[in-house]
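Notes for the one structure printed next.
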Amino acid sequence: MASTNPQDRGGDAKGRLPSRRRARRSLLPALTLALLAASVPVAWIVTGDTVTVRQAAVDQPEFTEEPSEFAEEPFEEPSEDQAPRETSFWSTTTEVNVPKHADRAPVELGMRFTPTENGSVAGVRFYKAEGEKGRHVGSLWNADGQRLASVMFAGESESGWQEARFAEPVELQADQVYTVSYHSRNGTYVGSRGFTSARSGPLNTASRNAGVFGYGDSRFPRQSNPKGYNYWVDVIFRWRDRDPNPWNTRPPRPRPSEPPIDTVDPDATADPDTTAIPDAPSDPTDTESQPPTASAEPSPSQEPDSTPTPSPTPTRSTGPTFSPRPTFSPGPTLSPIPGGGSGCADYPTPACTGVPPGTKLTQLQLNMDGDSVRITKPGTVLNAVHIPGSLLITADNVTITNSQIDGQIIGVYDNKRYSFTVSDSTIGPTNRCDTAPGILDANFTATRVHIRGHGDGFSVSGDNVTIQDSYVLLCSNPGDHSDGIQTVGASKNLTFHHNTVDQRKAPSHTAPVFLVDRTQGVTVTDNLLIGGTYTVQIRTAPGAVARNNAVVADSWNYGPASIDCANTDWSGNSLVTIDNNYNVTSTVGPLPCPR
């Protein structure tokens with residue numbers, strides 16, 4: 001993903017200028033000019049699409065001439081009736097020259113942000129794409145997806161920045177995650193990829209997945225595109241400066257969204273789940289010209305495994321540690337769900353992958369950006385837990401077993417990849433389709449995993465990945481390029497053995513096996529593969545091995561395989577028919593390497 005770290009505005013995090021002393025009368029004109037020049041800093045924001053925008057900073061205090069006395073007079077504490085200051089990430093004069101996207105489907109587009117000061121939101125802005133028609137409704141949401149306010153945009157221009165103010169400002173609490181969004185009925189919008197973060201005064205965008213979206217009627221946008229899209233939605237934020245000397249600079253308060261945790265102890269977190277959730281639905285995914293995506297939903301198994309125990313290791317911690325959280329008495333346990341990790345007689349199905357039947361799951365509290373659990377201690381073990389969001393791994397040798405993750409498992413952060421093992425676990429939501437991959441990125445082993453509710457199953461962008469005995473049921477959103485397993489960039493040592501990938505419920509698709517980036521040491525064996533444009537695509541992988549795979553006959557758009565036959569060991573592959581339980585009912589014939 002391209003980096004687009006915008007530079008901070010001039011002055012401090014709140015847009016204030018450095019402190020100054022009163023000037024002698026003979027120096028006053030020069031000082032006045034210097035301060036006026038310093039009071040209009042600019043912000044530069046560069047995205048991965050090589051978009052550059054330049055804007056004047058907002059909310060700079062006015063400078064007025066003063067008497068020439070030399071003594072300094074203290075500034076008074078601002079009173080409650082002092083007019084609040086107002087800021088946004090971008091100004092209405094910001095020119096946005098980014099790609100236009102036309103999905104031709106209703107979509108909610110938003111930006112996740114956190115204020116570091118208490119304040120209020122007065123309204124919403126968005127950048128309107130050329131050719132976009134129809135009415136637009138702006139909304140403000142809390143981290144739980146509750147709509148706090150909405151407003152209809154009126155008097156819109158043909159394109160460019162649009163603004164609408166709520167009937168009453170909405171009070172916000174410092175250090176909480178909120179989302180501002182607008183709804184487009186036609187699905188024409190601007191979006192630029194490679195966005196990472198922005199800051200203005202006490203406003204910060206979320207550190208991950210700042211740009212979000214959701215297809216359909218106006219609702220909380222919880223999906224994000226793995227390519228880091230910005231949809232150019234902005235918030236109008238007001239706050240009162242409590243600094244007794246508002247000209248002094250001070251560092252911004254620490255951002256709340258990335259607290260490292262020492263270990264994850266299910267008994268020390270939220271109530272265990274009481275409801276089991278069934279299997280995944282159908283549609284959603286991603287391209288450069290279509291919207292982005294995000295997270296997912298759950299599953300359960302046996303008598304509780306005592307407590308998931310983090311196994312201590314002598315490796316050094318990746319960040320500061322914290323004293324253990326207070327423990328809570330265990331709550332009610334989950335009723336068992338059908339299916340789950342036992343040996344599969346033939347090809348993997350929901351009945352023999354995922355959380356084993358009877359497992360009691362304990363729900364963990366989200367500790368990052370309001371949508372994820374972050375692990376920072378090497379050697380952490382998560383056993384029989386339910387994460388109602390994504391799992392972000394930022395430490396090596398993490399183990400996940402007998403667990404349900406409603407979003408993704410992400411093993412890459414700040415351009416660093418971390419190792420983990422996941423087994424007998426269910427990944428993804430049951431009631432929506434997230435374009436983002438279920439599991440990524442490198443240095444992981446997945447065994448008897450059930451992925452559902454994701455446009456991509458596995459995304460591999462590094463070395464040493466083994467995926468075996470797992471079941472993937474894919475879905476797609478309009479404009480997605482759904483894949484069961486996909487390589488992104490060069491990698492080494494990839495084994496994909498004895499898995500089932502079903503792409504029939506993902507109409508916007510590419511392939512169950514899509515390995516077209518340069519990869520060494522690829523092995524694809526004994527898999528049951530269904531759907532795709534071409535079901536199996538293996539190219540630019542010299543020495544790849546593809547043996548004994550079963551491709552369901554006539555499940556593809558164009559053909560069963562697209563292979564670099566000269567550089568692939570292709571043998572024993574066949575065309576088959578199956579029943580509704582993935583049992584092979586007949587062998588249609590051998591599948592030779594297409595030349």
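Per-structure values
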item: Inter-label distance, nm, simple model (7 Å from Cα along the C-beta direction), H497/R539; result: 2.9 nm
item: Placed amide H near V576: partners under 5 Å, 5+ positions off or other chain; result: V551, V552, A553, V588
item: Potential lengthening between S586 and D564 on full extension [0.36 nm per residue; Cα-Cα distance subtracted]; result: 5.2 nm
item: Burial ranking of peptide ranges 213-225, 86-98 (average Cβ count within 10 Å, highest at the top); result: 213-225, 86-98
item: Protection-proxy order for peptides 517-528, 112-123, 377-388, each taking the mean of Cβ atoms within 10 Å per residue, highest first; result: 377-388, 112-123, 517-528
item: Under-5 Å amide H pairs with A561, H placed in peptide plane, nonlocal only; result: T535, V536
item: Amide H contacts under 5 Å for G228, placed H, 5+ residues apart; result: G194
item: Cα shape, the stretch 85-239, gyration tensor, a/c 1.5 rule; result: rounded
item: Rounded if a/c under 1.5, otherwise prolate or oblate - the stretch 373-441, Cα gyration tensor axes; result: oblate
item: Hz values of 3J(HN,Hα) by residue in the stretch 368-378 - Karplus curve (6.51, -1.76, 1.60), Gly and Pro given as x; result: 9, 6, x, 9, 8, 9, 9, 9, 10, 9, x
item: Mean Cβ neighbour count within 10 Å, used as a protection proxy, ranking 554-563, 401-410 highest first; result: 401-410, 554-563
item: log₁₀ of I(q)/I(0) at q = 0.21, 0.31 Å⁻¹ - the stretch 101-155, Debye sum with one point per alpha carbon; result: -0.98, -1.60
item: HN-Hα J in Hz across the stretch 86-98 - Karplus 6.51, -1.76, 1.60, θ = phi - 60°, x for Gly and Pro; result: 9, 8, 8, 5, 10, 9, 6, 9, 5, 8, 10, 10, 10
item: Largest-first principal axis extents, alpha carbons of the stretch 362-590, Å; result: 51, 35, 30
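Each value in this text was obtained by applying a stated rule to the coordinates, not by laboratory testing. Here the structure is a predicted model, which means the values were calculated and not measured. As a convention, Cβ positions derive from the backbone with ideal geometry for all residues, glycine included, and neighbour counts pool all protein chains shown.
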